[in-house]
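Shown next, in C-alpha coordinates, is the structure this report addresses.
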Amino acid sequence: MLDNVRVVLVNTSHPGNIGGAARAMKNMGLTRLVLVDPQRFPDPNAAARGAGADDVLDGAVIVPTLEEAIADCVLVMGTSARDRRIPWPVVDPREAAEIALDQIAELPEAQVALVFGREDSGLTSDELQRCQFHVHIPSNPDFSSLNLAAAVQVLAYELRMLVLKRQSQPTHMQKVETTALQNEIPTTAGEMEQYFAHLQQVLVEIGFLDPQKPRQLMPRLRRLYGRIRINRMEMNILRGILTETQKAIGVKAAGERRR
Ligand code: SAH
(Lines give C-alpha, C1' and ligand atoms only; values in the text may rest on other atoms or scores of the structure.)
Protein backbone atom coordinates (compact mmCIF):
# COMPACT_ATOMS: atom_id res chain seq x y z
CA MET A 1 0.00 0.00 0.00
CA LEU A 2 2.73 2.43 0.98
CA ASP A 3 4.57 1.61 -2.26
CA ASN A 4 1.96 3.71 -4.05
CA VAL A 5 2.91 6.78 -2.03
CA ARG A 6 5.82 8.99 -3.04
CA VAL A 7 7.35 11.83 -1.08
CA VAL A 8 8.20 14.77 -3.32
CA LEU A 9 10.67 17.34 -2.00
CA VAL A 10 10.70 20.55 -4.01
CA ASN A 11 13.95 22.47 -4.50
CA THR A 12 15.45 21.46 -1.16
CA SER A 13 18.48 23.57 -0.22
CA HIS A 14 20.00 21.51 2.61
CA PRO A 15 21.04 17.97 1.66
CA GLY A 16 20.86 17.07 5.34
CA ASN A 17 17.11 17.54 5.16
CA ILE A 18 16.91 15.14 2.23
CA GLY A 19 18.73 12.57 4.35
CA GLY A 20 16.49 13.28 7.33
CA ALA A 21 13.41 12.89 5.17
CA ALA A 22 14.72 9.60 3.75
CA ARG A 23 15.34 8.30 7.25
CA ALA A 24 11.85 9.32 8.41
CA MET A 25 10.37 7.60 5.36
CA LYS A 26 12.27 4.36 5.84
CA ASN A 27 11.40 4.29 9.55
CA MET A 28 7.72 4.40 8.61
CA GLY A 29 7.94 1.98 5.68
CA LEU A 30 7.89 4.48 2.82
CA THR A 31 10.46 3.99 0.06
CA ARG A 32 9.76 6.26 -2.88
CA LEU A 33 11.48 9.61 -2.84
CA VAL A 34 11.31 12.13 -5.68
CA LEU A 35 13.51 15.22 -5.64
CA VAL A 36 12.49 18.20 -7.72
CA ASP A 37 15.58 20.19 -8.68
CA PRO A 38 17.48 19.70 -5.40
CA GLN A 39 20.17 22.30 -4.82
CA ARG A 40 22.78 19.80 -3.63
CA PHE A 41 22.31 16.08 -4.20
CA PRO A 42 23.88 13.57 -3.92
CA ASP A 43 25.82 14.92 -0.97
CA PRO A 44 27.68 13.39 1.99
CA ASN A 45 25.39 15.33 4.35
CA ALA A 46 22.34 13.61 2.90
CA ALA A 47 23.92 10.19 3.45
CA ALA A 48 24.99 11.16 6.99
CA ARG A 49 21.53 12.35 8.06
CA GLY A 50 20.00 9.38 6.26
CA ALA A 51 21.64 7.19 8.91
CA GLY A 52 21.25 4.00 6.91
CA ALA A 53 18.37 4.93 4.65
CA ASP A 54 20.81 4.58 1.74
CA ASP A 55 18.38 2.51 -0.30
CA VAL A 56 15.81 5.30 -0.21
CA LEU A 57 18.45 7.90 -1.13
CA ASP A 58 20.00 5.74 -3.87
CA GLY A 59 16.57 5.10 -5.31
CA ALA A 60 15.62 8.78 -5.29
CA VAL A 61 14.34 10.01 -8.63
CA ILE A 62 15.53 13.47 -9.61
CA VAL A 63 13.33 15.56 -11.92
CA PRO A 64 13.53 19.21 -12.99
CA THR A 65 9.91 20.22 -12.28
CA LEU A 66 7.03 19.43 -9.93
CA GLU A 67 4.91 18.75 -12.98
CA GLU A 68 7.10 15.78 -13.90
CA ALA A 69 7.21 14.52 -10.32
CA ILE A 70 3.43 14.18 -10.16
CA ALA A 71 2.47 13.55 -13.79
CA ASP A 72 1.25 9.97 -13.19
CA CYS A 73 -0.43 10.67 -9.81
CA VAL A 74 -4.19 10.57 -9.32
CA LEU A 75 -3.94 12.22 -5.92
CA VAL A 76 -1.56 15.04 -5.02
CA MET A 77 -1.40 16.52 -1.55
CA GLY A 78 0.74 19.56 -0.81
CA THR A 79 1.94 20.44 2.65
CA SER A 80 1.93 23.97 3.94
CA ALA A 81 2.95 25.61 7.18
CA ARG A 82 0.61 28.58 6.87
CA ASP A 83 -2.63 29.80 5.38
CA ARG A 84 -2.48 30.90 1.79
CA ARG A 85 -4.60 33.54 0.15
CA ILE A 86 -6.72 31.25 -2.03
CA PRO A 87 -9.18 29.06 -0.10
CA TRP A 88 -8.45 25.38 -0.67
CA PRO A 89 -9.48 22.09 0.92
CA VAL A 90 -7.19 21.81 3.95
CA VAL A 91 -6.79 18.59 5.92
CA ASP A 92 -4.64 17.52 8.84
CA PRO A 93 -2.09 14.69 8.46
CA ARG A 94 -4.50 12.09 9.89
CA GLU A 95 -7.20 13.04 7.42
CA ALA A 96 -4.61 13.11 4.65
CA ALA A 97 -3.61 9.52 5.46
CA GLU A 98 -7.27 8.45 5.28
CA ILE A 99 -7.80 10.13 1.93
CA ALA A 100 -4.61 8.62 0.52
CA LEU A 101 -5.29 5.08 1.72
CA ASP A 102 -8.96 5.26 0.67
CA GLN A 103 -7.80 6.18 -2.80
CA ILE A 104 -5.35 3.28 -2.94
CA ALA A 105 -7.94 0.87 -1.55
CA GLU A 106 -10.35 1.94 -4.26
CA LEU A 107 -7.79 1.80 -7.06
CA PRO A 108 -4.84 -0.44 -6.22
CA GLU A 109 -2.58 1.07 -8.88
CA ALA A 110 -3.32 4.66 -7.81
CA GLN A 111 -0.21 6.78 -7.40
CA VAL A 112 -0.27 9.31 -4.58
CA ALA A 113 2.15 12.20 -4.02
CA LEU A 114 2.88 14.06 -0.80
CA VAL A 115 4.62 17.28 -1.76
CA PHE A 116 6.91 19.25 0.55
CA GLY A 117 8.28 22.73 -0.03
CA ARG A 118 11.49 24.68 0.29
CA GLU A 119 13.00 25.22 3.73
CA ASP A 120 12.85 29.00 3.42
CA SER A 121 9.72 29.69 1.42
CA GLY A 122 7.66 26.48 1.22
CA LEU A 123 5.66 25.79 -1.93
CA THR A 124 4.69 28.57 -4.35
CA SER A 125 1.02 29.37 -4.99
CA ASP A 126 1.38 27.83 -8.42
CA GLU A 127 2.73 24.62 -6.92
CA LEU A 128 0.01 24.52 -4.26
CA GLN A 129 -2.63 24.92 -6.94
CA ARG A 130 -1.45 21.67 -8.51
CA CYS A 131 -2.47 19.84 -5.33
CA GLN A 132 -6.04 18.65 -4.66
CA PHE A 133 -5.56 18.99 -0.93
CA HIS A 134 -3.37 21.06 1.32
CA VAL A 135 -2.09 19.33 4.41
CA HIS A 136 -1.39 21.44 7.46
CA ILE A 137 0.18 20.01 10.60
CA PRO A 138 -1.71 21.81 13.38
CA SER A 139 1.37 23.37 14.92
CA ASN A 140 1.70 26.38 17.21
CA PRO A 141 0.26 29.30 15.18
CA ASP A 142 3.01 31.56 16.51
CA PHE A 143 5.71 29.14 15.38
CA SER A 144 4.08 27.00 12.75
CA SER A 145 6.90 25.91 10.49
CA LEU A 146 8.45 22.50 11.19
CA ASN A 147 11.78 21.37 9.90
CA LEU A 148 11.24 19.72 6.51
CA ALA A 149 12.28 16.24 7.64
CA ALA A 150 10.15 16.57 10.78
CA ALA A 151 7.12 17.42 8.63
CA VAL A 152 7.82 14.34 6.47
CA GLN A 153 8.01 12.31 9.68
CA VAL A 154 4.59 13.44 10.89
CA LEU A 155 2.84 12.57 7.63
CA ALA A 156 4.69 9.27 7.26
CA TYR A 157 3.78 8.33 10.83
CA GLU A 158 0.09 8.95 10.27
CA LEU A 159 0.21 6.83 7.12
CA ARG A 160 1.92 4.01 8.96
CA MET A 161 -0.51 4.10 11.87
CA LEU A 162 -3.45 3.88 9.52
CA VAL A 163 -1.93 1.07 7.44
CA LEU A 164 -1.31 -0.92 10.63
CA LYS A 165 -4.85 -0.26 11.80
CA ARG A 166 -6.41 -1.25 8.50
CA GLN A 167 -4.31 -4.41 8.35
CA SER A 168 -5.22 -5.17 11.99
CA GLN A 169 -1.58 -5.21 12.93
CA PRO A 170 -0.42 -4.31 16.44
CA THR A 171 0.88 -0.80 17.11
CA HIS A 172 2.48 -1.86 20.38
CA MET A 173 5.78 -3.62 20.80
CA GLN A 174 5.22 -7.26 21.57
CA LYS A 175 6.65 -7.92 25.01
CA VAL A 176 8.55 -11.15 25.11
CA GLU A 177 8.26 -12.33 28.69
CA THR A 178 8.71 -15.78 30.05
CA THR A 179 5.64 -15.14 32.17
CA ALA A 180 3.62 -14.02 29.14
CA LEU A 181 1.70 -17.26 29.00
CA GLN A 182 0.90 -17.14 32.71
CA ASN A 183 -0.39 -13.60 32.27
CA GLU A 184 -2.90 -14.69 29.73
CA ILE A 185 -4.40 -17.57 31.69
CA PRO A 186 -7.47 -16.33 33.54
CA THR A 187 -8.25 -17.60 37.01
CA THR A 188 -11.08 -20.16 37.21
CA ALA A 189 -14.07 -19.92 39.55
CA GLY A 190 -12.65 -22.87 41.50
CA GLU A 191 -9.32 -21.09 42.05
CA MET A 192 -11.18 -17.96 43.15
CA GLU A 193 -13.12 -20.04 45.71
CA GLN A 194 -9.87 -21.46 47.09
CA TYR A 195 -8.51 -17.95 47.29
CA PHE A 196 -11.56 -16.60 49.15
CA ALA A 197 -11.37 -19.51 51.61
CA HIS A 198 -7.67 -18.78 52.18
CA LEU A 199 -8.30 -15.04 52.48
CA GLN A 200 -11.12 -15.53 54.96
CA GLN A 201 -8.95 -17.84 57.05
CA VAL A 202 -6.11 -15.29 57.18
CA LEU A 203 -8.49 -12.41 57.95
CA VAL A 204 -9.76 -14.40 60.91
CA GLU A 205 -6.20 -15.29 61.99
CA ILE A 206 -5.07 -11.67 61.96
CA GLY A 207 -8.23 -10.59 63.77
CA PHE A 208 -9.64 -8.48 60.96
CA LEU A 209 -12.69 -10.71 60.51
CA ASP A 210 -14.72 -11.80 63.54
CA PRO A 211 -16.44 -15.10 62.63
CA GLN A 212 -19.16 -14.27 65.17
CA LYS A 213 -19.82 -10.91 63.53
CA PRO A 214 -18.67 -11.30 59.89
CA ARG A 215 -20.84 -8.35 58.73
CA GLN A 216 -20.68 -8.05 54.92
CA LEU A 217 -16.91 -8.27 54.65
CA MET A 218 -16.59 -11.37 52.45
CA PRO A 219 -19.39 -10.46 50.00
CA ARG A 220 -17.88 -6.99 49.71
CA LEU A 221 -14.44 -8.41 49.01
CA ARG A 222 -15.94 -10.80 46.45
CA ARG A 223 -17.58 -7.85 44.75
CA LEU A 224 -14.27 -5.96 44.76
CA TYR A 225 -12.35 -8.87 43.19
CA GLY A 226 -15.23 -9.39 40.76
CA ARG A 227 -14.51 -6.02 39.18
CA ILE A 228 -11.15 -7.21 37.82
CA ARG A 229 -10.01 -10.24 35.92
CA ILE A 230 -7.17 -11.78 37.86
CA ASN A 231 -4.75 -13.91 35.87
CA ARG A 232 -2.79 -16.96 37.00
CA MET A 233 0.35 -14.98 37.78
CA GLU A 234 -1.51 -12.41 39.88
CA MET A 235 -3.33 -15.18 41.74
CA ASN A 236 0.05 -16.71 42.61
CA ILE A 237 1.10 -13.36 44.09
CA LEU A 238 -2.11 -13.01 46.14
CA ARG A 239 -1.83 -16.55 47.47
CA GLY A 240 1.85 -15.96 48.24
CA ILE A 241 0.99 -12.87 50.29
CA LEU A 242 -1.55 -14.84 52.33
CA THR A 243 0.89 -17.67 52.96
CA GLU A 244 3.64 -15.26 54.02
CA THR A 245 1.17 -13.44 56.29
CA GLN A 246 0.37 -16.75 57.97
CA LYS A 247 4.07 -17.51 58.36
CA ALA A 248 4.67 -14.07 59.89
CA ILE A 249 1.90 -14.34 62.45
CA GLY A 250 2.84 -17.97 63.05
CA VAL A 251 6.38 -16.91 63.95
CA LYS A 252 5.05 -14.20 66.24
CA ALA A 253 2.57 -16.58 67.88
CA ALA A 254 5.33 -19.15 68.46
CA GLY A 255 7.52 -16.41 69.95
CA GLU A 256 4.74 -15.35 72.25
CA ARG A 257 4.12 -18.92 73.28
CA ARG A 258 7.78 -19.30 74.23
CA ARG A 259 7.49 -16.39 76.60
N1 SAH B 1 8.48 29.46 5.58
C2 SAH B 1 7.94 28.32 4.92
C3 SAH B 1 8.18 27.12 5.75
C4 SAH B 1 8.71 26.02 5.01
S5 SAH B 1 9.06 24.68 6.04
C6 SAH B 1 6.46 28.47 4.68
O7 SAH B 1 5.92 29.39 5.24
O8 SAH B 1 5.85 27.72 3.95
C9 SAH B 1 9.46 23.50 4.82
C10 SAH B 1 8.35 22.56 4.45
O11 SAH B 1 8.03 21.73 5.56
C12 SAH B 1 7.04 23.18 4.06
O13 SAH B 1 7.03 23.62 2.74
C14 SAH B 1 6.10 22.03 4.27
O15 SAH B 1 6.27 21.12 3.20
C16 SAH B 1 6.65 21.40 5.54
N17 SAH B 1 6.03 21.96 6.74
C18 SAH B 1 6.61 22.67 7.73
N19 SAH B 1 5.73 22.97 8.69
C20 SAH B 1 4.55 22.46 8.31
C21 SAH B 1 3.24 22.43 8.88
N22 SAH B 1 2.97 23.02 10.03
N23 SAH B 1 2.28 21.77 8.20
C24 SAH B 1 2.52 21.18 7.02
N25 SAH B 1 3.74 21.17 6.44
C26 SAH B 1 4.73 21.80 7.06
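The values are calculated or read from the model by the stated rules, or taken from the named source; none is laboratory data. What you see is a predicted model, and the numbers here were worked out from it, not measured in a lab. Here Cβ is always computed from backbone atoms with ideal geometry, including for glycine, and neighbour counts include all displayed protein chains. The protein model used for the area step is the full one, side chains on, heavy atoms only, and it has no ligands, DNA or RNA in it. Shrake-Rupley method; radii C 1.70, N 1.55, O 1.52, S 1.80 Å.
Any chance you could count how many residues in segment 190-223 are open to solvent by 80 Å² or more (accessible area, probe 1.4 Å) and hydrophobic (A, V, I, L, M, F, W, C)? Looking only at that region, the number is 2. Among the residues of segment 68-108, those identified as open to solvent by 70 Å² or more (accessible area, probe 1.4 Å), under 22 Å from the mean Cα position of the chain (by Cα) and within 14 Å of the ligand (Cβ to nearest atom) are ARG94, GLU95. Checked against the criterion of being assigned to a helix (DSSP H, G or I) and modelled with pLDDT of 95 or more, the candidates ARG49, ARG6, ARG40 yield just one match: ARG49.
Identify the residue in segment 115-131 that is within 19 Å of PRO38 (Cβ to Cβ), touching a strand residue (DSSP E or B) at 6+ places or on another chain (Cβ under 7 Å) and more than 9 Å from the ligand (Cβ to nearest atom) and, among all such residues, is least open to solvent (accessible area, probe 1.4 Å). Per the stated criteria, the residue is GLU127.
The criterion of being β-branched (Val, Ile, Thr), away from the ligand (no atom under 16 Å from the Cβ), more than 30 Å from the chain's Cα centre (by Cα) and modelled with pLDDT of 95 or more holds for VAL63.
Among (1) within 12 Å of the ligand (Cβ to nearest atom); (2) assigned to a helix (DSSP H, G or I); (3) not β-branched (Val, Ile, Thr), which single condition is LEU199 missing? All conditions are met except number (1). A single entry from LYS175, LYS165 fulfils the requirement of being modelled with pLDDT of 95 or more, open to solvent by 60 Å² or more (accessible area, probe 1.4 Å) and under 20 Å from the mean Cα position of the chain (by Cα): LYS165. Here LEU159, LEU164 are screened, and the one residue that is outside any loop (DSSP other than H, G, I, E, B) and either more than 24 Å from GLU95 (Cβ to Cβ) or within 16 Å of the ligand (Cβ to nearest atom) (or both) is LEU159.
Out of the residues in segment 132-146 that are open to solvent by less than 70 Å² (accessible area, probe 1.4 Å) and near the ligand (Cβ under 7 Å from one of its atoms), which is farthest from PRO89 (Cα to Cα)? Looking at residues that are open to solvent by less than 70 Å² (accessible area, probe 1.4 Å) and near the ligand (Cβ under 7 Å from one of its atoms), I get LEU146. Taking the listed residues LEU57, LEU33, the one that is modelled with pLDDT of 95 or more and assigned to a strand (DSSP E or B) is LEU33, with no other qualifying.
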